[in-house]
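The values are calculated or read from the model by the stated rules, or taken from the named source; none is laboratory data. Treat the numbers as computed from the prediction; the structure is a model and nothing was measured. Virtual Cβ from ideal backbone geometry, glycine too; neighbours counted across all protein chains shown. Areas reflect the complete protein model, heavy atoms only, side chains present, ligands, DNA and RNA absent. Shrake-Rupley method; radii C 1.70, N 1.55, O 1.52, S 1.80 Å.
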Amino acid sequence: MNRPEQLHERLDAIGRSLESSGKALALIGLGSVGVETARADRYSDLDFYAVVRPGHKAEFLRDLRWMSAAHPVAWCFQNTPHGYKLLYEDGIFCELEVYEPDELLEVRYAEGRFVWKATDCDESLRLPAQEIADRQERSVTWSVGELVTNLYVGLCRYRRGEKLSAYRFVQGYAVDRVMELLPHIRTPEPVHRDPFGRERRIEQQYPDMTADFASFMQGYERTPESALSLLRWVERHFDVNPAMRRLVEELCLR
(Lines give C-alpha, C1' and ligand atoms only; values in the text may rest on other atoms or scores of the structure.)
Protein backbone atom coordinates (compact mmCIF):
# COMPACT_ATOMS: atom_id res chain seq x y z
CA MET A 1 0.00 0.00 0.00
CA ASN A 2 1.18 3.51 -0.78
CA ARG A 3 1.29 6.54 1.47
CA PRO A 4 -0.79 9.56 0.38
CA GLU A 5 2.35 11.60 -0.23
CA GLN A 6 3.55 8.95 -2.71
CA LEU A 7 0.27 9.30 -4.60
CA HIS A 8 0.67 13.06 -4.84
CA GLU A 9 4.31 12.74 -5.91
CA ARG A 10 3.29 10.36 -8.69
CA LEU A 11 0.48 12.64 -9.80
CA ASP A 12 2.93 15.57 -9.91
CA ALA A 13 5.27 13.44 -12.05
CA ILE A 14 2.43 12.64 -14.46
CA GLY A 15 1.70 16.36 -14.63
CA ARG A 16 5.32 17.09 -15.54
CA SER A 17 5.14 14.42 -18.23
CA LEU A 18 2.04 16.02 -19.72
CA GLU A 19 3.67 19.43 -19.60
CA SER A 20 6.78 18.19 -21.41
CA SER A 21 4.64 16.78 -24.24
CA GLY A 22 3.63 20.26 -25.32
CA LYS A 23 0.27 18.82 -26.36
CA ALA A 24 -1.62 18.87 -23.07
CA LEU A 25 -3.62 21.50 -21.24
CA ALA A 26 -4.17 20.15 -17.74
CA LEU A 27 -4.10 17.29 -15.27
CA ILE A 28 -7.21 17.29 -13.08
CA GLY A 29 -7.16 15.21 -9.90
CA LEU A 30 -10.48 13.75 -8.77
CA GLY A 31 -11.83 12.16 -5.59
CA SER A 32 -9.25 11.78 -2.82
CA VAL A 33 -6.55 13.32 -5.02
CA GLY A 34 -8.90 16.10 -6.09
CA VAL A 35 -10.55 18.57 -3.73
CA GLU A 36 -11.00 15.91 -1.02
CA THR A 37 -7.31 15.28 -0.34
CA ALA A 38 -7.92 15.15 3.43
CA ARG A 39 -9.50 11.71 3.07
CA ALA A 40 -6.65 10.14 1.07
CA ASP A 41 -5.13 7.12 2.81
CA ARG A 42 -2.90 4.12 2.04
CA TYR A 43 -5.80 2.43 0.23
CA SER A 44 -6.48 5.33 -2.14
CA ASP A 45 -5.65 5.28 -5.83
CA LEU A 46 -5.20 7.92 -8.51
CA ASP A 47 -8.32 9.10 -10.34
CA PHE A 48 -7.68 11.84 -12.86
CA TYR A 49 -8.45 13.41 -16.22
CA ALA A 50 -5.71 14.36 -18.66
CA VAL A 51 -7.00 17.26 -20.75
CA VAL A 52 -5.17 17.50 -24.06
CA ARG A 53 -5.14 19.98 -26.87
CA PRO A 54 -7.66 19.49 -29.70
CA GLY A 55 -6.65 16.82 -32.17
CA HIS A 56 -4.32 14.93 -29.81
CA LYS A 57 -6.63 12.67 -27.80
CA ALA A 58 -6.15 9.59 -29.98
CA GLU A 59 -2.38 9.96 -29.69
CA PHE A 60 -2.47 10.05 -25.88
CA LEU A 61 -4.73 7.02 -25.78
CA ARG A 62 -2.69 5.05 -28.28
CA ASP A 63 0.70 5.68 -26.67
CA LEU A 64 0.96 5.70 -22.86
CA ARG A 65 4.58 6.76 -22.69
CA TRP A 66 3.35 9.91 -20.95
CA MET A 67 2.30 7.59 -18.11
CA SER A 68 5.37 5.34 -18.09
CA ALA A 69 7.62 8.42 -18.06
CA ALA A 70 6.47 8.97 -14.47
CA HIS A 71 7.27 5.38 -13.38
CA PRO A 72 7.45 1.92 -14.99
CA VAL A 73 4.02 0.43 -15.74
CA ALA A 74 3.27 -3.16 -14.67
CA TRP A 75 -0.12 -3.59 -16.37
CA CYS A 76 -2.94 -1.66 -18.00
CA PHE A 77 -6.03 -2.12 -20.13
CA GLN A 78 -8.41 0.26 -21.86
CA ASN A 79 -11.68 -0.01 -19.96
CA THR A 80 -13.60 2.86 -21.63
CA PRO A 81 -13.37 4.69 -24.96
CA HIS A 82 -11.73 7.52 -23.01
CA GLY A 83 -9.25 5.84 -20.71
CA TYR A 84 -7.47 3.09 -18.84
CA LYS A 85 -7.05 1.28 -15.60
CA LEU A 86 -3.32 1.05 -14.92
CA LEU A 87 -0.98 -0.39 -12.31
CA TYR A 88 2.50 0.95 -11.72
CA GLU A 89 5.28 -1.44 -10.69
CA ASP A 90 5.37 0.01 -7.17
CA GLY A 91 1.67 -0.77 -6.63
CA ILE A 92 0.10 2.62 -7.36
CA PHE A 93 -3.18 2.03 -9.19
CA CYS A 94 -4.73 4.58 -11.55
CA GLU A 95 -8.07 5.17 -13.22
CA LEU A 96 -7.50 7.75 -15.92
CA GLU A 97 -9.40 9.29 -18.79
CA VAL A 98 -8.24 11.57 -21.59
CA TYR A 99 -10.42 14.37 -22.92
CA GLU A 100 -10.22 17.34 -25.20
CA PRO A 101 -11.71 20.54 -23.71
CA ASP A 102 -14.98 20.47 -25.65
CA GLU A 103 -15.66 16.88 -24.57
CA LEU A 104 -15.63 17.84 -20.90
CA LEU A 105 -18.77 19.88 -21.52
CA GLU A 106 -20.68 16.59 -21.83
CA VAL A 107 -19.02 14.72 -18.93
CA ARG A 108 -20.56 14.45 -15.45
CA TYR A 109 -17.89 14.58 -12.76
CA ALA A 110 -17.36 16.04 -9.32
CA GLU A 111 -15.30 19.21 -8.91
CA GLY A 112 -11.63 18.49 -9.54
CA ARG A 113 -8.27 20.00 -8.63
CA PHE A 114 -5.65 21.24 -11.06
CA VAL A 115 -2.48 19.24 -10.43
CA TRP A 116 -0.91 20.99 -13.41
CA LYS A 117 -2.26 23.30 -16.08
CA ALA A 118 -0.87 25.20 -19.02
CA THR A 119 -0.92 28.98 -18.86
CA ASP A 120 -3.62 29.14 -21.55
CA CYS A 121 -5.85 26.55 -19.87
CA ASP A 122 -9.38 27.67 -19.05
CA GLU A 123 -9.74 27.84 -15.25
CA SER A 124 -13.30 26.50 -15.51
CA LEU A 125 -12.23 23.05 -16.76
CA ARG A 126 -11.91 21.66 -13.24
CA LEU A 127 -15.60 22.44 -12.68
CA PRO A 128 -18.19 20.20 -14.36
CA ALA A 129 -20.39 21.84 -16.96
CA GLN A 130 -22.97 19.10 -16.41
CA GLU A 131 -24.45 18.86 -12.93
CA ILE A 132 -24.40 15.45 -11.31
CA ALA A 133 -28.02 14.38 -11.08
CA ASP A 134 -29.20 14.06 -7.51
CA ARG A 135 -30.09 10.57 -6.49
CA GLN A 136 -33.78 10.07 -6.88
CA GLU A 137 -35.24 10.40 -3.42
CA ARG A 138 -37.71 7.61 -2.90
CA SER A 139 -40.70 7.77 -0.62
CA VAL A 140 -40.66 5.61 2.50
CA THR A 141 -43.65 3.69 1.17
CA TRP A 142 -41.82 2.89 -2.07
CA SER A 143 -38.55 1.85 -0.40
CA VAL A 144 -40.27 -0.34 2.20
CA GLY A 145 -42.47 -1.95 -0.45
CA GLU A 146 -39.49 -2.61 -2.72
CA LEU A 147 -37.42 -4.00 0.15
CA VAL A 148 -40.08 -6.48 1.21
CA THR A 149 -40.78 -7.58 -2.37
CA ASN A 150 -37.04 -7.91 -3.03
CA LEU A 151 -36.97 -10.32 -0.09
CA TYR A 152 -39.95 -12.26 -1.40
CA VAL A 153 -38.66 -12.60 -4.97
CA GLY A 154 -35.17 -13.47 -3.75
CA LEU A 155 -36.39 -16.14 -1.36
CA CYS A 156 -38.58 -17.73 -4.04
CA ARG A 157 -35.55 -17.95 -6.29
CA TYR A 158 -33.46 -19.39 -3.47
CA ARG A 159 -36.01 -22.14 -2.84
CA ARG A 160 -36.05 -22.82 -6.57
CA GLY A 161 -32.28 -23.29 -6.48
CA GLU A 162 -31.39 -19.96 -8.15
CA LYS A 163 -29.01 -19.02 -5.38
CA LEU A 164 -26.99 -16.38 -7.19
CA SER A 165 -30.07 -14.44 -8.28
CA ALA A 166 -31.47 -14.82 -4.77
CA TYR A 167 -28.25 -13.47 -3.30
CA ARG A 168 -28.48 -10.35 -5.44
CA PHE A 169 -32.13 -9.66 -4.63
CA VAL A 170 -31.78 -10.11 -0.89
CA GLN A 171 -28.19 -9.17 -0.10
CA GLY A 172 -27.92 -6.53 -2.82
CA TYR A 173 -31.15 -4.86 -3.91
CA ALA A 174 -32.86 -5.07 -0.51
CA VAL A 175 -29.78 -3.62 1.19
CA ASP A 176 -29.88 -0.73 -1.29
CA ARG A 177 -33.36 0.00 0.01
CA VAL A 178 -32.04 0.02 3.60
CA MET A 179 -29.56 2.73 2.61
CA GLU A 180 -32.43 4.77 1.15
CA LEU A 181 -34.40 4.41 4.36
CA LEU A 182 -31.64 5.22 6.85
CA PRO A 183 -31.86 9.04 6.51
CA HIS A 184 -35.53 8.80 7.51
CA ILE A 185 -34.67 7.36 10.92
CA ARG A 186 -31.12 8.56 11.68
CA THR A 187 -28.95 11.61 11.13
CA PRO A 188 -25.78 10.67 9.26
CA GLU A 189 -22.36 11.70 10.49
CA PRO A 190 -20.90 14.64 8.51
CA VAL A 191 -18.56 12.83 6.14
CA HIS A 192 -17.87 13.26 2.41
CA ARG A 193 -20.69 11.70 0.41
CA ASP A 194 -20.01 10.16 -2.95
CA PRO A 195 -22.58 11.42 -5.50
CA PHE A 196 -22.03 8.28 -7.60
CA GLY A 197 -22.35 5.57 -4.92
CA ARG A 198 -24.62 5.60 -1.87
CA GLU A 199 -22.64 2.73 -0.30
CA ARG A 200 -19.38 4.72 -0.25
CA ARG A 201 -18.43 5.58 3.35
CA ILE A 202 -21.80 4.35 4.62
CA GLU A 203 -20.01 2.88 7.65
CA GLN A 204 -18.68 6.33 8.54
CA GLN A 205 -22.08 7.93 8.04
CA TYR A 206 -23.87 5.34 10.21
CA PRO A 207 -21.23 3.69 12.42
CA ASP A 208 -23.82 1.91 14.56
CA MET A 209 -25.10 0.03 11.50
CA THR A 210 -22.02 -2.13 10.85
CA ALA A 211 -23.33 -5.14 12.78
CA ASP A 212 -26.67 -4.83 11.00
CA PHE A 213 -25.01 -4.76 7.59
CA ALA A 214 -23.06 -7.90 8.50
CA SER A 215 -26.31 -9.65 9.39
CA PHE A 216 -27.98 -8.48 6.16
CA MET A 217 -25.23 -10.00 4.01
CA GLN A 218 -24.27 -13.38 5.44
CA GLY A 219 -23.19 -14.97 2.17
CA TYR A 220 -24.22 -17.15 -0.75
CA GLU A 221 -25.54 -20.06 1.35
CA ARG A 222 -27.27 -17.90 3.97
CA THR A 223 -29.78 -15.91 1.99
CA PRO A 224 -32.77 -16.97 4.17
CA GLU A 225 -30.93 -15.92 7.34
CA SER A 226 -29.98 -12.61 5.72
CA ALA A 227 -33.57 -12.04 4.56
CA LEU A 228 -34.94 -12.67 8.05
CA SER A 229 -32.50 -10.16 9.53
CA LEU A 230 -33.55 -7.57 6.94
CA LEU A 231 -37.21 -8.24 7.62
CA ARG A 232 -36.75 -7.83 11.38
CA TRP A 233 -34.88 -4.55 10.84
CA VAL A 234 -37.45 -2.99 8.54
CA GLU A 235 -40.41 -4.00 10.73
CA ARG A 236 -38.72 -2.43 13.78
CA HIS A 237 -38.68 0.95 12.06
CA PHE A 238 -41.51 0.99 9.51
CA ASP A 239 -44.96 -0.45 8.88
CA VAL A 240 -44.77 -3.71 6.95
CA ASN A 241 -47.83 -5.28 5.39
CA PRO A 242 -48.76 -8.26 7.63
CA ALA A 243 -49.55 -10.57 4.71
CA MET A 244 -46.18 -9.92 3.07
CA ARG A 245 -44.40 -10.28 6.39
CA ARG A 246 -45.93 -13.71 6.95
CA LEU A 247 -45.08 -14.79 3.41
CA VAL A 248 -41.45 -13.73 3.77
CA GLU A 249 -41.15 -15.35 7.19
CA GLU A 250 -42.52 -18.62 5.83
CA LEU A 251 -39.98 -18.63 3.02
CA CYS A 252 -37.15 -17.78 5.43
CA LEU A 253 -38.00 -20.56 7.86
CA ARG A 254 -39.14 -23.28 5.44
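What you get for the chain, charging only the Cβ of Lys and Arg (+1) and of Asp and Glu (-1), is a dipole of about 940 debye around the Cα centre. What the Cβ-Cβ distance of residue 245 and residue 153 gives, at R0 = 22 Å and to the nearest 0.05, is a FRET efficiency of 0.90. One decimal place: the segment residue 119-residue 168 gains 12.7 nm when fully extended, by the rule 0.36 nm per residue minus the C-alpha distance.
The DSSP beta bridges internal to the chain are antiparallel in roughly 75% of cases.
Contact order, relative form, for the chain: 15 percent (alpha carbon pairs under 8 Å, 6 or more residues apart, mean separation divided by residue count).
To the nearest 20 debye, what is the magnitude of the charge dipole of the range 1-115 about its Cα centre, counting +1 on the Cβ of each Lys and Arg and -1 on the Cβ of each Asp and Glu? Please list the in-between numbers first.
Values: 13 positive and 19 negative charges, 32 e Å.
In debye, rounded to 20, the range 1-115 gives about 160.
For residue 107 and residue 9, what is the calculated FRET efficiency with R₀ set at 30 Å and r taken between the beta-carbons, to the nearest 0.05? E between residue 107 and residue 9, to the nearest 0.05, is 0.65.
Carbon and sulfur: what percent of the range 12-171's accessible surface (1.4 Å probe)?
Heavy-atom surface of the range 12-171 belonging to carbon and sulfur, 1.4 Å probe: 48 percent.
Solvent exposure of the range 1-139, expressed per residue, is 53 Å² of accessible area, with all protein chains present and a 1.4 angstrom probe. Under the criterion of Cα pairs below 8 Å and six or more residues apart, the relative contact order for the range 9-130 equals 32 percent. Scaled against 2.2 N^0.38 Å for its residue count N, the alpha carbon radius of gyration of the chain is 1.27. Here the mean projected area of the convex hull built on the C-alpha positions of the range 55-123 is 5.5 nm².
Post the alpha-carbon centroid distance, the range 38-115 to the range 205-234, in whole angstrom. Going from one Cα centre to the other spans 37 Å. The orientation-averaged shadow of the Cα convex hull for the range 1-139, equal to a quarter of the hull surface, comes to 9.2 nm². At a Förster radius of 35 Å, what calculated FRET efficiency corresponds to the Cβ-Cβ distance of residue 254 and residue 79, to the nearest 0.05? That pair, residue 254 with residue 79, gives E of 0.25.
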